[in-house]
Amino acid sequence: MEELEGRSDFDHGPTYAVSVFHGGQWVNCVPMTCTAQALCVARDMATFDEIARVMDGLVGVRSDVRIEVERGPVRPLWTAHATTMGLYERARRIAGEIGFELPHGQHGGGSDGNFTGAMGVATLDGLGLMGGGAHTHEEHILVSSLVPRATLIARLIAELD
């Protein structure tokens, strides 16, 4: 799976993560089948199409091993639209008043905001706590972000009433 993960472009293109493997039923028996699950993330439709080509290109036989690819669930791609950007500008202003910057960016990923954004609902993601090590055993939050982020969300909700 190094072949697949080696294609990741964390700055501009698709990312691939193969992290669930299963093979065999008993100790000391050669597995007849093995499976792996890959998470592929696209930032736009062109990248989504590139991922489909890469995954389809894995299908075949190599070293007497037959490789099949089965597409799993696909989330809609989130793209900012005018109502989202209006909500973002409001959140950015409030964050500035509280004393921190709230940068804007569009990143691939599996947020539930992908669904609301695709429906045209103003959607912000990433307003939660600051931290690091996402999706690893080292994932953590910065306690110092608790009050500022909670204040941002409370004020944003209060302004929407």
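Expressed as a whole percentage, what fraction of the accessible surface of the chain belongs to carbon and sulfur atoms when a 1.4 Å probe is rolled over the protein heavy atoms? If you can, show how the numbers build up before the last one.
Numbers: 6640 of 11660 Å².
Roughly 57 percent of what the probe reaches on the chain is carbon or sulfur.
In region 54-145, the C-alpha radius of gyration followed by the widest Cα-Cα span (Dmax) gives 19.0, 63 angstrom.
Calculate the tail of P(r) for region 9-94: the fraction of all Cα-Cα distances greater than 17 Å, expressed in %. Counting pairs separated by more than 17 Å, the tail of P(r) holds 64 percent. In the chain, helical runs assigned H by DSSP with n ≥ 4 each contribute -39500 (n - 2.57); averaged across all residues and rounded to the nearest 500, the mean residue ellipticity at 222 nm is -10500 deg cm²/dmol. Taking label positions 7 Å along the Cα-Cβ direction at both N28 and E68, the computed distance is 3.1 nm, reported to one decimal. Normalised per residue, the accessible area of region 7-56 is 75 Å², obtained with a 1.4 Å probe and no contribution from ligands, DNA or RNA.
Quick one: accessible area per residue over region 63-161, 1.4 Å probe, rounded to a whole number of Å²?
Values: 6990 Å² over 99 residues.
Using a 1.4 Å probe on heavy atoms only, each residue of region 63-161 averages 71 Å².
Take the Cα of E101, step 7 Å toward its Cβ, do the same at L39, and the gap between the two points is 2.7 nm.
Taking every eigenvalue of the Cα gyration tensor of the chain, multiplying by 5 and rooting it, what semi-axes result, largest first, whole Å?
Values: eigenvalues 310, 75, 33 Å².
Value: 39, 19, 13 Å, ordered largest first.
Of the chymotrypsin sites (Phe, Trp or Tyr not before Pro) in region 3-58, the ones in a loop by DSSP (not H, G, I, E or B) with at most 11 other beta carbons within 10 Å are F10, W26. Taking a ≥ b ≥ c as the square roots of the eigenvalues of the alpha-carbon gyration tensor, region 100-161 is classed oblate because a/c is 1.5 or more while a/b is no larger than b/c.
The values are calculated or read from the model by the stated rules, or taken from the named source; none is laboratory data. Note that the coordinates shown come from a computational prediction; the quantities given were computed from them, not determined experimentally. Don't worry about glycine lacking a Cβ; one is built from the backbone with ideal geometry, like all the others, and counts go over all protein chains shown. Each accessible area value is taken on the protein alone, full model and side chains, heavy atoms only, with ligands, DNA and RNA left out. Shrake-Rupley method; radii C 1.70, N 1.55, O 1.52, S 1.80 Å.
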